[in-house]
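Novice: After the structure tokens below, expect a handful of questions from me.
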Amino acid sequence: MFDFVGFFLYNNSSDSTMKISFLGTGGAVASQERDNISFLIEESAVLSLIDCPGAVVQKIKKVGYRPQDLKFIFITHIHPDHIYGLPSLIHSLMLEEMNLLLFGSAETIGFCAQLLDLFGLRESKIKCRVELRELAPENEISLTSQLKVTGLVIKHHSSSLGFLWENASGKKIVYSGDTPADRSFFSKIEGVDCLIHDCSAPARFFQLFPELKRMHTDSLTLGKLAEEFRIKRLIPCHFFGEIDFDQEEIVQEIKFSYQGELTVPQDFMSITI
Ligand SMILES: [Zn+2]
Ligand SMILES: [Zn+2]
């Protein structure tokens, strides 16, 4: 790896950007327009995949990248809509001489090992080697000389972990994964450049099904928290496909409080931070 003195002394003056490309933006039930949430982050030509549902190989190609250029995978938790594409991805890459580093909580890492072994995807004939690495909450790891990642506590599931990526220019992207609205989470990421956050449905659905509040976030509450904690750019995601609401309702609820830059992502959309 490298030392942090070098990271800040030599790289802090650069103004590098990070490009996010959405492979999916929906919740567990896909809709005609939205597949399960996952996305890519490109930083200085280093490609990371965040969550791994569905046919990610096709989708990575669709947004203009090569799956064999992946370096890092980050898995937020072990619910199927965030992880079920992993065996297929590694199977697709089995003839590629490459190393992938996969990060998640201890529980997620253990689960991924079982999942890959179930399909024999860590046997020696598989040329794509996957190294599984635990990232503990609050721990910071240097990924490259330009990029580091920190784990964040998330209260959705025992395996849940959020991620904060920071590049050498000091730009920060945070991804909550699935999460209830949580002030303690927001207090740790105050003023961040870009927050990709669970926004599963408008508030009226959470009134109908109050138990949802322990697992996910509604758009009205998300807007309030994002404004209070001065999030510069908010990207809501993980929209439920099994209930009926339109995007405008989400936008109106968020904008009821939030004054910052709001981007409602579509599948295959790219943005630069
Ligand atoms: Zn989910
Ligand atoms: Zn979940």
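Novice: Which condition number in (1) within 30 Å of residue 253 (Cα to Cα); (2) away from ligand 2 (no atom under 16 Å from the Cβ) is the one that residue 138 fails?
Specialist: Answer for residue 138: the failing condition is (1).
Novice: For the stretch 57-74, does any single residue satisfy the condition of being surrounded by 19 or more Cβ atoms within 10 Å (Cβ to Cβ) and touching an Asp or Glu at 6+ places or on another chain (Cβ under 6 Å)?
Specialist: no
Novice: Looking at the structure I just gave you, is residue 261 surrounded by 15 or more Cβ atoms within 10 Å (Cβ to Cβ), out of contact with any Phe, Trp or Tyr (no Cβ under 6 Å at 6 or more places or on another chain), among the acidic types (Asp, Glu) and in contact (Cβ under 8 Å) with a residue 24 or more places away in the chain?
Specialist: Numbers: surrounded by 15 or more Cβ atoms within 10 Å (Cβ to Cβ): no; out of contact with any Phe, Trp or Tyr (no Cβ under 6 Å at 6 or more places or on another chain): yes; among the acidic types (Asp, Glu): yes; in contact (Cβ under 8 Å) with a residue 24 or more places away in the chain: yes.
In short, no.
Novice: Any residue at all in the stretch 62-71 that is assigned to a loop (DSSP other than H, G, I, E, B), within 16 Å of ligand 1 (Cβ to nearest atom), closer than 24 Å to residue 21 by Cα and among the hydroxyl-bearing types (Ser, Thr, Tyr)? So that I can check it myself, show each step before the final result.
Specialist: First, the residues of the stretch 62-71 that are assigned to a loop (DSSP other than H, G, I, E, B): 63-66.
Checking the rest, the ones that are also within 16 Å of ligand 1 (Cβ to nearest atom) come to none.
Scanning the stretch 62-71, I find no residue that is assigned to a loop (DSSP other than H, G, I, E, B), within 16 Å of ligand 1 (Cβ to nearest atom), closer than 24 Å to residue 21 by Cα and among the hydroxyl-bearing types (Ser, Thr, Tyr), so the answer is no.
Novice: Is one or more of the residues making up the stretch 52-61 within 16 Å of ligand 2 (Cβ to nearest atom), in contact with a helix residue (DSSP H, G or I) (Cβ under 8 Å, 6 or more places away or on another chain) and not charged (D, E, K, R)?
Specialist: Yes: the stretch 52-61 contains one or more residues that are within 16 Å of ligand 2 (Cβ to nearest atom), in contact with a helix residue (DSSP H, G or I) (Cβ under 8 Å, 6 or more places away or on another chain) and not charged (D, E, K, R).
Novice: Another one. From the list 104, 85, 54, 26, which one is within 16 Å of ligand 1 (Cβ to nearest atom) and at pLDDT below 95?
Specialist: Values: 104 fails: at pLDDT below 95; 85 fails: at pLDDT below 95; 26 fails: at pLDDT below 95.
Answer to the selection: 54.
Novice: Sticking with this structure for a sec: Can we say residue 111 is aromatic (Phe, Trp, Tyr) and within 16 Å of ligand 1 (Cβ to nearest atom)?
Specialist: Working: aromatic (Phe, Trp, Tyr): yes; within 16 Å of ligand 1 (Cβ to nearest atom): yes.
So residue 111 fits the description; yes.
Novice: Same structure again: With the condition kept exactly as written, say whether any residue in the stretch 138-153 is β-branched (Val, Ile, Thr) and surrounded by 23 or more Cβ atoms within 10 Å (Cβ to Cβ). Before the answer, list the steps.
Specialist: Restricting attention to the stretch 138-153, the residues satisfying the condition of being β-branched (Val, Ile, Thr) are 141, 144, 149-150, 153.
Right, trim to surrounded by 23 or more Cβ atoms within 10 Å (Cβ to Cβ) and you get none.
No - not one qualifying residue is present in the stretch 138-153.
Novice: Can you give me the ranges of the helices (runs of 4 or more DSSP H) entirely in the stretch 130-241 with at least 1 residues that are touching a Gly at 6+ places or on another chain (Cβ under 9 Å) and away from ligand 1 (no atom under 16 Å from the Cβ)?
Specialist: Once the helices (runs of 4 or more DSSP H) in the stretch 130-241 are filtered for at least 1 residues that are touching a Gly at 6+ places or on another chain (Cβ under 9 Å) and away from ligand 1 (no atom under 16 Å from the Cβ), what remains is 183-188, 219-228.
The values are calculated or read from the model by the stated rules, or taken from the named source; none is laboratory data. Predicted model, so just to flag it, every value in this text is computed and none were measured. We place every Cβ from the backbone using ideal geometry, glycine too, and count neighbours over all the protein chains shown.
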